[in-house]
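The next block holds one structure in the form of structure tokens; read it before the comments.
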Amino acid sequence: MLQSLFPSSVADRDSALVLIRRLVVEYGLGQWRRYALAFLLMGIAAACTAIPAYLVGDLVNLANVEHNFPRVVLVGSAAAFAFAIKGAATYGQSVILSRIANRIIAENQRRLFSKLLTESIEFFTQRHSSEFAARLMSGAAAATQVLNLLISSFGRDLLSLIGLVGVMVLKDPILSAAILLVCPPALVVLRKMVKRTRGIAQTQFTGGTRILETLQETLQGIRIVKAFTLENLLRARFDANVAAVESEANKMARVASRTSPDSTSISAPTSSRCASCSRSSTALRPSLPTTIGRHSCSPKHASRFPMSAFSTGPAIRCSVTCRSSPSRHR
């Protein structure tokens, strides 16, 4: 009954949700204290990201409208202090996540090697030794990559997104409504790139394993290679494997870099609107002092577009993470 309510991928034991739940239960719960501390530091860093964005409007008004130098120094010092706290919090959470990752990788490598020692001779004859080397090196680190991605996305990116969107709505609700109407369709398009990225990553893993396989066979059988003059054959085989991995890496670079122009395109209309608004106000009323109001065209409004630009990056990363899944190396 329950399986009929969910897609077949969820019912599959190798689906993304099942694998993520298994990783969280087996590895995440054992390190929950460190993850909680890292999440707290990410929250502090997110708050320190939103505070300078909130102070930008006041800083511009104090410098260009009120010409109050002491308050400019005070607000600027507060923003600098917030950035310093953000740097310290980012350093702390990076160190904590790295220590957790190193602990999990070491544990996985011990478990994999102990498992290999319990297998029969038939198990080793059916597989190439490069597969074991790839699993011991890349497979052991896959669990930490998924957990760090989840923690970073829902800790750093999501909290930063909430803080920046809150500042944006507080400063200008009308402009925020326009941005919130434009962003969701763009994020849906970006999430579709995850499926292609997943396939490219699996192909890269397979290609790297083939490179290691060719190298291992050459080194172990170098006498046979020299005796039968197989240098050209192995060279062609190795070049083909390297070329395949290079091609997939170039594809990965193209797909991963597509988020940059998309995020720039999302924030460009807001920047253009604020710039044109402030310029039109100066052109139409050059002799009048700049007024400060909720809907007036002023430096206060001209300084609001960074909030929408800053919040685009975290929003994209959170959207992509919701569609991503841990890679499965069979």
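The values are calculated or read from the model by the stated rules, or taken from the named source; none is laboratory data. Keep in mind that what you see is a predicted model, and the values were worked out from it rather than measured. Cβ placement follows ideal geometry from the backbone for every residue including glycine, while neighbour counts extend to all protein chains displayed.
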Report task. Please verify whether region 179-194 includes one or more residues that are buried (at least 16 other Cβ atoms within 10 Å of the Cβ) and within 30 Å of Leu112 (Cα to Cα). Result -> yes
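Do we find a residue being β-branched (Val, Ile, Thr), on the phi > 0 side of the Ramachandran plot and either assigned to a loop (DSSP other than H, G, I, E, B) or surrounded by 18 or more Cβ atoms within 10 Å (Cβ to Cβ) (or both) anywhere in region 223-234?
Kept after step one, since they are β-branched (Val, Ile, Thr), are these residues of region 223-234: 224-225, 229.
Retained after the next criterion (residues that are on the phi > 0 side of the Ramachandran plot): 229.
Checking the rest, the ones that are also either assigned to a loop (DSSP other than H, G, I, E, B) or surrounded by 18 or more Cβ atoms within 10 Å (Cβ to Cβ) (or both) come to 229.
Scanning region 223-234 turns up at least one residue that is β-branched (Val, Ile, Thr), on the phi > 0 side of the Ramachandran plot and either assigned to a loop (DSSP other than H, G, I, E, B) or surrounded by 18 or more Cβ atoms within 10 Å (Cβ to Cβ) (or both).
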Query - Filter result for the condition that a residue is closer than 30 Å to Gly207 by Cβ and within 27 Å of the chain's Cα centre (by Cα), over Leu37, Leu112, Leu41, Leu97 - result: Leu97
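Residues that are at pLDDT 80 or above and under 22 Å from Ala45 (Cβ atoms): find the helices (runs of 4 or more DSSP H) completely inside region 147-221 holding 3 or more of those. Before you say what the answer is, go through the steps one by one.
Working: elements: 158-171, 173-191, 193-220.
So the answer is 158-171.
So, in region 147-178, how many residues would count as being more than 16 Å from the chain's Cα centre (by Cα) and among the acidic types (Asp, Glu)?
First, the residues of region 147-178 that are more than 16 Å from the chain's Cα centre (by Cα): 162-178.
Restricting the remaining residues to those that are among the acidic types (Asp, Glu) gives 172.
Of the residues in that region, 1 qualify.
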**Report entry** Within region 135-146, considering residues that are over 16 Å from the mean Cα position of the chain (by Cα) and not aliphatic (A, V, I, L, M), the one farthest from Ala46 (Cα to Cα)
**Finding:** Arg135
Query raised in the report: What do you reckon, is Phe113 surrounded by fewer than 19 Cβ atoms within 10 Å (Cβ to Cβ) and farther than 22 Å from Ala16 by Cβ?
Result: yes
